[in-house]
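Trainee: Let me begin by handing over the structure; questions about it come next.
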Amino acid sequence: MRNLSWFNKMMFFLNIVLTVLTIVGYALPFLAPKTFPLLSVLTLFLPMMLIVNLLYFVYWGIQFKRQILLSGVVLLLGITFINKFYKFSSPEFVSESTDLTVMSYNVRLFNKFEWSDKRTVPVEISDFVKLKKPDVLCIQEFSNAADFDYAYFRYKYILSKGNKIKSGQAIFSKYKIINSGEIIFPISNNNVIFADLKREKDTIRVYNMHLQSINITPDVNEINDDIQGINQTKSERMFKRLSTAFKVQQQQAEILMEHTSKCNYPIIICGDMNNSAFSYVYRVIRGDLQDSFEEAGSGFGKSYDFKYYPARIDYIFADKKFKVKHFNNFPEVVDSDHFPVISILSDLKTE
């Protein structure tokens, strides 16, 4: 430390602060938001902290300084977190007729309120679905749209609510739906629907979730301005709103998991979690299931149109009785504020 210049001493101090925050971030998936609501906000920034730790690692490495060990240890401890944020490659796979292709897509009401200038959004989404040919399609923020091709799927379960504008969730399937239902969340417009699909001799339960929104701006510049104190009141409101949303999400995740624990079928959980893979809510919902992106994805797995930041908040979790063969996201598809995600699963493993 004595051999460092004043600038490097300042950099090392900031490095220590970053290390503490990063380690706290590592612990947060195991700490309930109801207990530490404000700290839970750090999970949103953990990927950024990992990137800055990497930059510090390079910075000290170029100078051959032993301070490199600090960031090196932090990155080593967080290797499993890095895997949730970025995948360097996806396994090659061979498509088989017995594969099960699952798509999840938050369609933002098919542009009913004209957030986009495009007037062909329902048609484009419908064409994209038919191009990818999923066996099961889970839609969040569903609303009836005349130009969406409902006939492409033989079976469907749609649950819409509302007086003037009906919206909700939908599960479309090429397999017969033998049972369906809703998981109601207290004091919330969000919910989960499920459907039991008969696939030859097997029955599979598919959950379509849409958890509480954190109502965050899609422009990272505005968030940076708030955090830097340009608008302290707005910043305080944002952190309070986030911490409240995380507590609500915790309750919703626990309700969902209680429901899945009573299911005797292999399950698949799809949908918009409105939270990162570094959160307590993610850990609770994933449980013993496989995260399709981690198993067979590549790149960042971006699923939400958040400016300058590869946010992954839409997921497909699969029972371990499946093998996850492939995962893909489609950030080039801009018909919603979310991007569709697809997972290809092998046929169920026989006992």
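Trainee: If I filter region 142-181 down to residues being of a type in the set (S, T, N, Q) and assigned to a strand (DSSP E or B), which single residue comes out as farthest from F194 (Cα to Cα)? Explain how you work it out, then say what you get.
Mentor: Restricting attention to region 142-181, the residues satisfying the condition of being of a type in the set (S, T, N, Q) are 143-144, 160, 163, 167, 169, 173, 179-180.
After this cut, where a residue has to be assigned to a strand (DSSP E or B) as well, the list is 160, 167, 169, 173, 179-180.
Values: S160: 14, S167: 16, Q169: 10, S173: 12, N179: 8, S180: 5 Å.
Of everything passing the filter in region 142-181, S167 is farthest from F194 (Cα to Cα).
Trainee: For residues in region 60-90 being of a type in the set (F, W, Y) and buried (at least 18 other Cβ atoms within 10 Å of the Cβ), which is modelled with the highest pLDDT?
Mentor: The residue in question is W60.
Trainee: Identify the residue in region 263-287 that is in contact (Cβ under 8 Å) with a residue 40 or more places away in the chain and among the β-branched types (V, I, T) and, among all such residues, is surrounded by the fewest Cβ atoms within 10 Å (Cβ to Cβ).
Mentor: Residue satisfying both the conditions and the ranking: I267.
For (1) touching a residue at least 24 places away in the same chain (Cβ under 8 Å); (2) closer than 19 Å to Y265 by Cβ; (3) in contact with a His (Cβ under 9 Å, 6 or more places away or on another chain), each residue gets a yes or a no:
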| site | (1), (2), (3) |
| --- | --- |
| L131 | no, no, no |
| E141 | yes, no, yes |
| A145 | yes, no, no |
| Y152 | yes, no, no |
| S160 | no, no, no |
| K166 | no, no, no |
| Y175 | yes, yes, no |
| S180 | no, yes, no |
| I184 | no, no, no |
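Trainee: Mind checking which pairs have a first residue in region 288-300 that is in the same structural domain as E258 (by TED's automatic domain parsing) and without any contact (Cβ under 8 Å) to a residue 40 or more places away in the chain and a second that is part of a loop (DSSP other than H, G, I, E, B) and of a type in the set (D, E), Cβ under 7 Å, 6 or more apart or different chains?
Mentor: The qualifying pairs are L289/D319.
Trainee: On the basis of being aromatic (F, W, Y), surrounded by fewer than 20 Cβ atoms within 10 Å (Cβ to Cβ) and under 14 Å from the mean Cα position of the chain (by Cα), does F293 make the cut? Outline the logic, then answer.
Mentor: Details: aromatic (F, W, Y): yes; surrounded by fewer than 20 Cβ atoms within 10 Å (Cβ to Cβ): no; under 14 Å from the mean Cα position of the chain (by Cα): yes.
So F293 fails the test.
Trainee: Identify the residue in region 335-351 that is surrounded by fewer than 16 Cβ atoms within 10 Å (Cβ to Cβ) and not hydroxyl-bearing (S, T, Y) and, among all such residues, is modelled with the lowest pLDDT.
Mentor: Step one: filter region 335-351 for residues surrounded by fewer than 16 Cβ atoms within 10 Å (Cβ to Cβ), giving 337, 349-351.
Still in the list and also not hydroxyl-bearing (S, T, Y): 337, 349, 351.
Numbers: D337: 94, K349: 68, E351: 49.
Filtering region 335-351 for residues that are surrounded by fewer than 16 Cβ atoms within 10 Å (Cβ to Cβ) and not hydroxyl-bearing (S, T, Y), the one modelled with the lowest pLDDT comes out as E351.
Trainee: If you go through region 319-334, how many residues are surrounded by 23 or more Cβ atoms within 10 Å (Cβ to Cβ) and touching a residue at least 60 places away in the same chain (Cβ under 8 Å)?
Mentor: Of the residues in region 319-334, 2 are surrounded by 23 or more Cβ atoms within 10 Å (Cβ to Cβ) and touching a residue at least 60 places away in the same chain (Cβ under 8 Å).
Trainee: Exactly one condition in (1) part of a loop (DSSP other than H, G, I, E, B); (2) modelled with pLDDT of 90 or more; (3) surrounded by 14 or more Cβ atoms within 10 Å (Cβ to Cβ) is not met by F93; state its number.
Mentor: (2)
Trainee: Please enumerate the residues belonging to region 180-196 that are polar (S, T, N, Q) and in contact with a helix residue (DSSP H, G or I) (Cβ under 8 Å, 6 or more places away or on another chain).
Mentor: Step one: list which residues in region 180-196 are polar (S, T, N, Q), which gives 180, 188-191.
S188, N190 - these are the residues of region 180-196 that are polar (S, T, N, Q) and in contact with a helix residue (DSSP H, G or I) (Cβ under 8 Å, 6 or more places away or on another chain).
Trainee: Looking at K201, K166, K161, can you tell me which residue is modelled with pLDDT under 95 and in contact with a Gly (Cβ under 6 Å, 6 or more places away or on another chain)? Spell out the reasoning first.
Mentor: On the way: K201 fails: in contact with a Gly (Cβ under 6 Å, 6 or more places away or on another chain); K166 fails: in contact with a Gly (Cβ under 6 Å, 6 or more places away or on another chain).
Just a single option satisfies the conditions, and that option is K161.
Trainee: Go through region 33-58 and give me each residue that's of a type in the set (F, W, Y) and surrounded by fewer than 17 Cβ atoms within 10 Å (Cβ to Cβ).
Mentor: None - no residue of region 33-58 is of a type in the set (F, W, Y) and surrounded by fewer than 17 Cβ atoms within 10 Å (Cβ to Cβ), so the list stays empty.
Trainee: Name the single residue, out of those in region 230-262 being small (G, A, S) and either assigned to a loop (DSSP other than H, G, I, E, B) or surrounded by fewer than 18 Cβ atoms within 10 Å (Cβ to Cβ) (or both), that is modelled with the highest pLDDT.
Mentor: So in region 230-262, the residues small (G, A, S) come out as 235, 243, 245, 253, 261.
The next check asks that each one be either assigned to a loop (DSSP other than H, G, I, E, B) or surrounded by fewer than 18 Cβ atoms within 10 Å (Cβ to Cβ) (or both); those that pass are 235, 261.
On the way: S235: 65, S261: 97.
Taking the candidates together, the pick is S261.
Trainee: Could you identify the single residue in I223, I184 that is aliphatic (A, V, I, L, M) and either in contact with an Asp or Glu (Cβ under 6 Å, 6 or more places away or on another chain) or at pLDDT below 85 (or both)? Show your work before the answer.
Mentor: Values: I184 fails: either in contact with an Asp or Glu (Cβ under 6 Å, 6 or more places away or on another chain) or at pLDDT below 85 (or both).
Sole residue among the options that is aliphatic (A, V, I, L, M) and either in contact with an Asp or Glu (Cβ under 6 Å, 6 or more places away or on another chain) or at pLDDT below 85 (or both): I223.
Trainee: Of these, F153, F172, which one is at pLDDT 95 or above and over 24 Å from the mean Cα position of the chain (by Cα)? Spell out how you get there, then give the answer.
Mentor: Values: F172 fails: over 24 Å from the mean Cα position of the chain (by Cα).
Exactly one of F153, F172 is at pLDDT 95 or above and over 24 Å from the mean Cα position of the chain (by Cα), namely F153.
Trainee: Give me the pairs, please: first residue somewhere in region 8-35 and outside any helix (DSSP H, G or I), second residue anywhere and aromatic (F, W, Y), beta-carbon distance under 8 Å, and either six or more positions apart or on two chains.
Mentor: L31/Y280; A32/Y280; P33/F246; P33/Y280
Trainee: Can you name every residue in region 130-140 that is outside any loop (DSSP other than H, G, I, E, B) and crowded, with 21+ Cβ neighbours inside 10 Å? Write out each step before concluding.
Mentor: Of region 130-140, the ones outside any loop (DSSP other than H, G, I, E, B) are 130-132, 136-140.
V136, L137, C138, I139, Q140, listed by residue number.
Trainee: Pick out the one residue from T35, T43, T80, T98 that is within 30 Å of R199 (Cβ to Cβ) and either assigned by TED's automatic domain parsing to the domain that holds R199 or not aliphatic (A, V, I, L, M) (or both). Write out each step before concluding.
Mentor: Numbers: T35 fails: within 30 Å of R199 (Cβ to Cβ); T43 fails: within 30 Å of R199 (Cβ to Cβ); T80 fails: within 30 Å of R199 (Cβ to Cβ).
From the options T35, T43, T80, T98, the qualifying one is T98.
The values are calculated or read from the model by the stated rules, or taken from the named source; none is laboratory data. Quick caveat, the model's predicted, so the values are computed rather than measured. Virtual Cβ from ideal backbone geometry, glycine too; neighbours counted across all protein chains shown.
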